[in-house]
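Peer 1: Let me give you the structure first, and then I'll get to my questions.
The values are calculated or read from the model by the stated rules, or taken from the named source; none is laboratory data. Bear in mind the structure is a predicted one, so any value in this text is a computation, not a measurement. No Cβ is skipped: glycine too gets one built from the backbone with ideal geometry, and neighbour counts run over all protein chains shown.
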Ligand SMILES: Cc1cc2nc3c(=O)[nH]c(=O)nc-3n(C[C@H](O)[C@H](O)[C@H](O)COP(=O)(O)OP(=O)(O)OC[C@H]3O[C@@H](n4cnc5c(N)ncnc54)[C@H](O)[C@@H]3O)c2cc1C
């Protein structure tokens, strides 16, 4: 079993910007990851299995609905606490963080924001405790970056809706109890529906052979004339803005989460470089390795400050979608570059499961693509500063 010696880097004393509550929440998540994730994650990733035994622990550290009010079972925390929890979980593994992100921002958030009071009471407490797991179906085989083109649709049949279509690349799909599904009505307007496992015509085949996010289960959602009760439509928001609102919340969490993966890679590489002796001295004493390590801590520090400031704006209700896009894009690219450099510092050992770096690197290849690709986030910034969309 791998020993987890993680020491979190904080070069600019960013801890001083955090409240006591932030630090308590962060430290509890950090300890839990050390105790419950680090010992099992390499094995889960090698076997390509989501470790379901961690679900109750994720719920206990507040990872399911950190900012959902306590009356619905959430932790009632602010946005910086939410970000810090995501950072710590992704320090362990991006796949585990993906499960928590989906549950919180893509399932609980829309039910809380767009759902009825009955839907909130029925689903949110069970999702917060992990009794129910959820997934979010937006992407389709022919509509990834352009979800507005979706063809999944439902028809009003009087006492129910009839849902048809297919979604792919859906995190948590193979084991989810419920799916928040985005589909068009007969007028072509997008709505969110809550589809429950067991509804006739609804299946969730697993996607195999992934080299990335192996400890996260991914699958399809197939709807073959599924009868969805009318009370399962979330009535309070429709149009593409509804799923995009959920993505804002999840992308914000990713901006923090990626810092966790980067911190783990940096910390591992720094320790290794100080211990590994070649040509009669530690490789950390060579200029080439110091350049890599110095640039890593600089980039991590910039990302930490960006995430913290975005958290302040989000707490004040002022963070824009474009600001969130910029942070997601910057911080994931920062993490993937650090993973690649850190891997080289470990030489041959860097490719083994003895260390977490290669797993982080492969995971980040999904993180840079999902929730809006690296290109799409750049186009969002471009549109924001010029006023001209360049998507088509
Ligand atoms: C492991 C994993 C988990 C996922 N989980 C979920 C989930 O839970 N729920 C969900 O709904 N989706 C999920 N996704 C889907 C993810 O959001 C999509 O993969 C992503 O949006 C990109 O869509 P695509 O793969 O179809 O790529 P495409 O949209 O086909 O893009 C291919 C390439 O073309 C580029 N491109 C596209 N449009 C433009 C343009 N206008 N200008 C320039 N370049 C462009 C892209 O940047 C990309 O490089 C997941 C994906 C993965 C890999």
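Peer 1: Considering only residues that are within 26 Å of residue 133 (Cβ to Cβ) and more than 16 Å from the ligand (Cβ to nearest atom), which ones fall in region 155-173? Steps first, please.
Peer 2: Within region 155-173, the first condition is being within 26 Å of residue 133 (Cβ to Cβ), and the residues that meet it are 160-173.
Selection gives 160, 161, 162, 164.
Peer 1: Taking only region 305-327 into account, find how many residues are more than 21 Å from residue 373 (Cα to Cα) and surrounded by 14 or more Cβ atoms within 10 Å (Cβ to Cβ). Lay out the reasoning, then the answer.
Peer 2: So the first thing to find is which residues in region 305-327 are more than 21 Å from residue 373 (Cα to Cα), and the list is 305, 308-309, 311-318.
So of that shortlist, the ones also surrounded by 14 or more Cβ atoms within 10 Å (Cβ to Cβ) come out as 308-309, 311-315.
Of the residues in region 305-327, 7 are more than 21 Å from residue 373 (Cα to Cα) and surrounded by 14 or more Cβ atoms within 10 Å (Cβ to Cβ).
Peer 1: List pairs: first residue in region 373-392 and free of Cβ contacts under 8 Å to residues at least 12 places away in the same chain, second residue near the ligand (Cβ under 9 Å from one of its atoms) and in a helix (DSSP H, G or I) anywhere in the structure, Cβ distance under 7 angstrom, at least six positions apart or on different chains.
Peer 2: From residues that are free of Cβ contacts under 8 Å to residues at least 12 places away in the same chain, the pairs are 390/379.
Peer 1: Please specify each residue of region 266-290 satisfying the condition of being more than 14 Å from residue 350 (Cα to Cα) and in contact (Cβ under 8 Å) with a residue 12 or more places away in the chain.
Peer 2: Scanning region 266-290 gives 283, 284, 289.
Peer 1: Another question, then. Got at least one residue in region 134-142 being surrounded by fewer than 17 Cβ atoms within 10 Å (Cβ to Cβ) and either more than 10 Å from the ligand (Cβ to nearest atom) or assigned to a strand (DSSP E or B) (or both)?
Peer 2: To start, the set of residues in region 134-142 that are surrounded by fewer than 17 Cβ atoms within 10 Å (Cβ to Cβ) comprises 141-142.
Next, only the ones that are either more than 10 Å from the ligand (Cβ to nearest atom) or assigned to a strand (DSSP E or B) (or both) stay: none.
Checked region 134-142: no residue is surrounded by fewer than 17 Cβ atoms within 10 Å (Cβ to Cβ) and either more than 10 Å from the ligand (Cβ to nearest atom) or assigned to a strand (DSSP E or B) (or both).
Peer 1: Still on this structure: Let me confirm something: among 372, 347, 382, 387, which residue is under 18 Å from the mean Cα position of the chain (by Cα) and modelled with pLDDT of 95 or more? Write out each step before concluding.
Peer 2: On the way: 347 fails: under 18 Å from the mean Cα position of the chain (by Cα); 382 fails: under 18 Å from the mean Cα position of the chain (by Cα); 387 fails: under 18 Å from the mean Cα position of the chain (by Cα).
When all the criteria are applied, what remains is 372.
Peer 1: Assuming residue 195 fulfils every condition listed in (1) more than 12 Å from the ligand (Cβ to nearest atom); (2) within 29 Å of residue 261 (Cβ to Cβ) apart from one, which condition is it?
Peer 2: Exception for residue 195: condition (2).
Peer 1: Let me ask something else. Could you pull out the residue among 216, 129, 212, 145 that is at pLDDT 95 or above, within 20 Å of the chain's Cα centre (by Cα) and farther than 25 Å from residue 370 by Cβ? So that I can check it myself, show each step before the final result.
Peer 2: Numbers: 216 fails: farther than 25 Å from residue 370 by Cβ; 212 fails: farther than 25 Å from residue 370 by Cβ; 145 fails: farther than 25 Å from residue 370 by Cβ.
Residue meeting the stated conditions: 129.
Peer 1: Take region 110-119 and flag every residue that is surrounded by fewer than 24 Cβ atoms within 10 Å (Cβ to Cβ) and assigned to a helix (DSSP H, G or I).
Peer 2: Taking region 110-119 first, the residues surrounded by fewer than 24 Cβ atoms within 10 Å (Cβ to Cβ) are 112-114, 116-119.
The answer is 112, 113, 114, 117, 118, 119.
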